[in-house]
Amino acid sequence: MGRPRGGQKERKKEHYYQAAKRHGYRSRSAYKLRQIAKTHKLLLGVDRVVELCSSPGGWTQVLRELDPSLQIVAVDLEPMLPLEGVKFIQGDVLDEKTIERIKALTGGSVDLVLSDCSPKVSGHWELDVVRQLSLVEGAINIAHSILGNKGKILSKVFQGSGFQELMVSVRKKFNSVKLIKPAASRKTSAEMYLLAKGPRGRSLSGST
């Protein structure tokens, strides 16, 4: 999402788009996760991951590349080509039935939740921001319900109407909250990544 700048031709020339093609990543956003994982030691102490809005699978590829031993459950409304060792759920991440399937496959406790969710762009910036924040809130709620005591969530978020209220809500639910802008994010984009650690009020068995 983000306010559109330039056309399709310009985007294809963009550095990370071309690099993703060369490396075999399914999306340019793979570099965002690589950068965040390295800078913020995202996978330290992580064995079990739930990835929301995973299709086409660029982030999933990075997870497998950085740590092939990870137990990954990927979720998306759209289909995703299979990746070795990854369990995939096709469903709406805001649907309670999908959430129950996630809990069933993970045993109800994970170390990391990832969300690169964006709504289908309507062309109306304010509406798109509201829809994206709704997806973030859904991801935060899922994470809070399945993360262990030292678990963390990394979620894409856009700064706009409702952003400050969202941050207040997240800080009430997690012990540590920070905002990250990886180099691979376009400078013209309102996109940020929210990293929250240590869900409050969690007492899950087997927590890391």
Original post:
Of all residues in the stretch 63-75, how many are out of contact with any Phe, Trp or Tyr (no Cβ under 7 Å at 6 or more places or on another chain) and crowded, with 21+ Cβ neighbours inside 10 Å?
Top reply: 4
**OP:** Could you tell me which numbered condition Pro79 fails, if it satisfies all but one of (1) modelled with pLDDT of 95 or more; (2) surrounded by 21 or more Cβ atoms within 10 Å (Cβ to Cβ)?
**Re:** (2)
Original post:
Can we say Gly2 is among the small types (Gly, Ala, Ser), farther than 21 Å from Leu81 by Cβ and modelled with pLDDT under 95?
Top reply: yes
**OP:** Of all residues in the stretch 5-60, count the ones that are modelled with pLDDT of 95 or more, farther than 30 Å from Glu126 by Cα and part of a loop (DSSP other than H, G, I, E, B).
**Re:** 8
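Rundown of residues vs (1) out of contact with any Pro (no Cβ under 9 Å at 6 or more places or on another chain); (2) of a type in the set (A, V, I, L, M), yes/no style:
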{"residue": "Lys120", "(1), (2)": "yes, no"}
{"residue": "Gln132", "(1), (2)": "no, no"}
{"residue": "Glu137", "(1), (2)": "yes, no"}
{"residue": "Leu147", "(1), (2)": "no, yes"}
{"residue": "Phe158", "(1), (2)": "yes, no"}
{"residue": "Phe163", "(1), (2)": "yes, no"}
{"residue": "Met167", "(1), (2)": "yes, yes"}
Original post:
What number of residues in the stretch 173-208 are over 16 Å from the mean Cα position of the chain (by Cα) and modelled with pLDDT of 95 or more?
Top reply: 6
Original post:
Looking only at the stretch 162-190, which residues are surrounded by fewer than 13 Cβ atoms within 10 Å (Cβ to Cβ) and part of a loop (DSSP other than H, G, I, E, B)?
Top reply: Ala183, Lys187, Thr188
Original post:
How many residues are touching a residue at least 40 places away in the same chain (Cβ under 8 Å), part of a strand (DSSP E or B) and either surrounded by fewer than 17 Cβ atoms within 10 Å (Cβ to Cβ) or not aliphatic (A, V, I, L, M) (or both) if we restrict to the stretch 82-126?
Top reply: 2
Original post:
Among the residues of the stretch 136-147, is there at least one that is surrounded by fewer than 15 Cβ atoms within 10 Å (Cβ to Cβ), charged (D, E, K, R) and over 26 Å from Lys38 (Cβ atoms)?
Top reply: no
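The values are calculated or read from the model by the stated rules, or taken from the named source; none is laboratory data. This is a predicted model, so every value here is computed, not measured. Cβ coordinates were reconstructed from backbone atoms using ideal geometry, including for glycine residues, and neighbour counts include every protein chain displayed.
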